[in-house]
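Just passing along the structure, written as structure tokens.
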Amino acid sequence: MKNLPSLLLLLGYLVACTSEQKTDINTENLVGRWQLKQAFRNEQPIETMSDLYFSFTTEGNMETNMPTGEGAATYSVSGDKIEQRNDQSQLEYRIEELTETTLILNTQVENFRFRFAMEKTE
């Protein structure tokens, strides 16, 4: 019984450390063209972005028709974040999932949270 506080403290530490670990992102899977399968705004499905796409190259260039960052841009990946930059804007996306065929991105534009489930087409 004397060791119970120490055990609880150790358990709390282990849980905190585990929750901070991030999934490794294989950025090679990012390269290619991605087409929207499903979009959510503030956790509600939306249809207005049905033609949304992202295209990423190995040279750090990208193209999208995302209304707030439309056109050609450069990008960089750091951890689970993609940073898109062009002359007009800078956007950040969080990679929730990335496989050879699936990309799930989260971003915030103004006061709206967006989640994009994408499918690789090329």
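The values are calculated or read from the model by the stated rules, or taken from the named source; none is laboratory data. All values reported here derive from a predicted model rather than from experimental measurement. Here the Cβ positions follow ideal geometry from the backbone for every residue, glycine too, while neighbour counts run over all protein chains shown.
Considering segment 36-84 alone, what residues qualify as being within 16 Å of residue 113 (Cα to Cα), charged (D, E, K, R) and over 13 Å from the mean Cα position of the chain (by Cα)?
Across segment 36-84, the qualifying residues are 41, 43, 47.
Then there is this: Any residue at all in segment 89-102 that is of a type in the set (Lys, Arg), at pLDDT 95 or above and surrounded by 17 or more Cβ atoms within 10 Å (Cβ to Cβ)?
no
Where in segment 29-90 are there strands (runs of 3 or more DSSP E), lying wholly inside it, with at least 2 residues that are more than 19 Å from residue 110 (Cα to Cα), out of contact with any Ser or Thr (no Cβ under 8 Å at 6 or more places or on another chain) and in contact (Cβ under 8 Å) with a residue 24 or more places away in the chain?
In segment 29-90, 32-41 are the strands (runs of 3 or more DSSP E) which contain 2 or more residues that are more than 19 Å from residue 110 (Cα to Cα), out of contact with any Ser or Thr (no Cβ under 8 Å at 6 or more places or on another chain) and in contact (Cβ under 8 Å) with a residue 24 or more places away in the chain.
When you scan segment 17-30, do you find a residue that is closer than 20 Å to residue 122 by Cα, modelled with pLDDT of 95 or more and not polar (S, T, N, Q), even just one?
yes
Then there is this: So in segment 105-122, with the set limited to residues that are surrounded by fewer than 17 Cβ atoms within 10 Å (Cβ to Cβ) and β-branched (Val, Ile, Thr), which one is modelled with the lowest pLDDT?
Selected residue: 109.
Here's something else I'd like to know. Can you name the number of the only condition in (1) surrounded by fewer than 17 Cβ atoms within 10 Å (Cβ to Cβ); (2) at pLDDT 95 or above that residue 14 fails?
Exception for residue 14: condition (2).
Can you run down the residue pairs with Cβ atoms below 8 Å, 6 or more apart or on separate chains, where the first is in segment 93-112 and under 17 Å from residue 64 (Cα atoms) and in contact (Cβ under 8 Å) with a residue 24 or more places away in the chain and the partner is hydroxyl-bearing (Ser, Thr, Tyr) and exposed (fewer than 15 other Cβ atoms within 10 Å of the Cβ)?
109/68
Counting just the residues of segment 26-35 that are surrounded by 13 or more Cβ atoms within 10 Å (Cβ to Cβ) and not small (Gly, Ala, Ser), which one comes out farthest from residue 119 (Cα to Cα)?
Here is the first cut: in segment 26-35, the ones surrounded by 13 or more Cβ atoms within 10 Å (Cβ to Cβ) are 27, 29-35.
Of the ones still in play, those that are also not small (Gly, Ala, Ser) are 27, 29-31, 33-35.
Numbers: 27: 15, 29: 12, 30: 11, 31: 12, 33: 8, 34: 5, 35: 5 Å.
Only one residue tops the list, namely 27.
Right, next: Looking at (1) of a type outside the set (Phe, Trp, Tyr); (2) at pLDDT below 95; (3) at negative phi, find the lone condition where residue 82 falls short.
Residue 82 satisfies every listed condition except (2).
Now, a different point. Tally the residues that are closer than 14 Å to residue 40 by Cα and assigned to a loop (DSSP other than H, G, I, E, B), restricting the search to segment 94-122.
Residues meeting the conditions: 1.
What is the residue count in segment 64-79 for residues that are crowded, with 17+ Cβ neighbours inside 10 Å, within 21 Å of residue 101 (Cα to Cα) and in contact with a strand residue (DSSP E or B) (Cβ under 6 Å, 6 or more places away or on another chain)?
If we filter segment 64-79 for residues that are crowded, with 17+ Cβ neighbours inside 10 Å, which is where we start, we get 64, 66, 69, 73, 75.
Now drop any that are not within 21 Å of residue 101 (Cα to Cα), which leaves 64, 66, 75.
Those left that are additionally in contact with a strand residue (DSSP E or B) (Cβ under 6 Å, 6 or more places away or on another chain): 64, 75.
Looking only at that region, the number is 2.
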